[in-house]
Amino acid sequence: GKGNHAHFMMKEIAEQPAVIGDTLQAFLNPLKRQIELPPLPIDLAKISQLTIVACGTAYLAGFVAKYWLERIARLPVELDIASEFRYREAPMPKDGATLVISQSGETADTLAALKYAKAQGQKVLAVLNVPESTIGRESDVVLHTLAGPEIGVASTKAFTTQLVVLAALAIATARARGAIDAQREAELSTALTEVPARAAEVLNHDARLKEIALKVAECRDVLFLGRGTSYPIALEGALKLKEISYIHAEGYAAGEMKHGPIALIDDNVPVIVVAPSDDLFEKTASNLQEVRARGGRVIFFSDKAGIARLGDAAMAAIELPTVDPFVAPILYAIPVQLLAYHAAVAKGTDVDQPRNLAKSVTVE
Ligand code: M6R
């Protein structure tokens, strides 16, 4: 059941501190401050490339993972949505591996992409919430997200637990390739260990996010901006908002604004800027100022330092916990979920069963 919640989606958002903790426990040894993965069919030290394929929100988890794996593990990553990948006949390196990500394990395009990769001689790793699924049976190893059943069509806790598993994979890959030392692994592991408590703090912003969502619900178009790992979070915010509230939303890489979408900016288009304090913060800050200069109304998701620096330029700001930038995308996923949820409730849509959508897309 939904417990005290009006919708499964809200119940599942609220479960995130707990299920992120459950998932971490399966992959992280808190005493040794080390990642522990099950035996893999590939040698992470030796692969030349990882190809990540998925659909929708699972694809956006893979997008964050690409940034992580390239940055901390120095592993080249190829990323595509499954419906394109399955038909594009990409050459795949013999010493590469493929990673598929799926909540349901039944998504038709992701399964077809997996079969293509296998036919190309690739070993397949799968990050799945339902290991006893079709994709689970076809894969060489399953890394299990312990989100529990996800009922709402909008993926929430499946996404953040996918990010946890992918973070663990990125750290293990970095270690195997000698790209990080034991001390950095310990720091990253500690940052991950703190995510459940920080996620619970983020949930405390629910009432304020609801107020902001009431304003967003009156708009026809919304833009989400971010850089680095905040870019896929911006895309995820836009996906969530359109899927459940039917408001047109787009996610954009903040630096790409001036190549077109800035023409859309006026005071009717709220711009949600996802910007934790990290090495790209100042770059995003100048994009935010460009939006402001054109009369855009900014909703700013940042931390204490970011808000001290830029909060005045925003119509509204949400202060998220200060964390290692590595784990920020896991936490910043939560306010974009809550914003979409409250906007959808305000619009009176069928939040858990939005029109035209199915929980698992088993046809192409
Ligand atoms: O079950 P899967 O993770 O393979 O599903 C993939 C997408 O269909 C899914 O994430 C979809 O985009 C969600 N409804 C987004 O909230």
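Summary table below
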| read-out | value |
| --- | --- |
| The lone exception for residue 345 - which of (1) assigned to a helix (DSSP H, G or I); (2) open to solvent by less than 10 Å² (accessible area, probe 1.4 Å); (3) under 23 Å from residue 5 (Cβ atoms) it fails | (2) |
| Among residues of the range 67-107, those that are among the charged types (D, E, K, R), open to solvent by less than 30 Å² (accessible area, probe 1.4 Å) and outside any strand (DSSP E or B), counted | 0 |
| Which listed residue is in contact with a Pro (Cβ under 8 Å, 6 or more places away or on another chain), of a type in the set (Asp, Glu) and crowded, with 20+ Cβ neighbours inside 10 Å, from 250, 243, 236, 201 | 243 |
| Residue list for the range 45-66, filter: more than 10 Å from the ligand (Cβ to nearest atom) and in a helix (DSSP H, G or I) | 62, 63, 64, 65, 66 |
| In the range 178-198, the residues that are open to solvent by 40 Å² or more (accessible area, probe 1.4 Å) and among the charged types (D, E, K, R) | 181, 184, 187, 194, 198 |
| For residue 232: the one exception among (1) free of Cβ contacts under 8 Å to residues at least 24 places away in the same chain; (2) within 14 Å of the ligand (Cβ to nearest atom); (3) farther than 14 Å from residue 339 by Cα; (4) not charged (D, E, K, R) | (1) |
| Single condition residue 356 does not satisfy, out of (1) open to solvent by 10 Å² or more (accessible area, probe 1.4 Å); (2) polar (S, T, N, Q); (3) in contact (Cβ under 8 Å) with a residue 40 or more places away in the chain; (4) farther than 20 Å from residue 208 by Cα | (3) |
| Hey, residue 247 farther than 26 Å from residue 68 by Cβ, hydrophobic (A, V, I, L, M, F, W, C), more than 16 Å from the ligand (Cβ to nearest atom) and out of contact with any Phe, Trp or Tyr (no Cβ under 9 Å at 6 or more places or on another chain) or not | no |
| Selection count where residues are surrounded by fewer than 18 Cβ atoms within 10 Å (Cβ to Cβ) and under 25 Å from residue 358 (Cβ atoms), scope the range 109-135 | 4 |
| Residue count for the range 1-45, restricted to those that are more than 16 Å from residue 176 (Cα to Cα), out of contact with any helix residue (DSSP H, G or I) (no Cβ under 6 Å at 6 or more places or on another chain) and surrounded by fewer than 18 Cβ atoms within 10 Å (Cβ to Cβ) | 10 |
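Here is a yes/no grid of residues against (1) hydroxyl-bearing (Ser, Thr, Tyr); (2) in contact with a Gly (Cβ under 6 Å, 6 or more places away or on another chain):
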| residue | (1), (2) |
| --- | --- |
| 6 | no, no |
| 10 | no, no |
| 17 | no, no |
| 23 | yes, no |
| 38 | no, no |
| 48 | yes, yes |
| 55 | no, no |
| 63 | no, no |
| 103 | no, no |
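The values are calculated or read from the model by the stated rules, or taken from the named source; none is laboratory data. Predicted model, so just to flag it, every value in this text is computed and none were measured. Using ideal geometry, Cβ is built from the backbone for each residue, glycine included, and neighbour counts are taken over all protein chains shown. All accessible areas refer to the heavy atoms of the entire protein, side chains included, with ligands and DNA or RNA removed. Shrake-Rupley method; radii C 1.70, N 1.55, O 1.52, S 1.80 Å.
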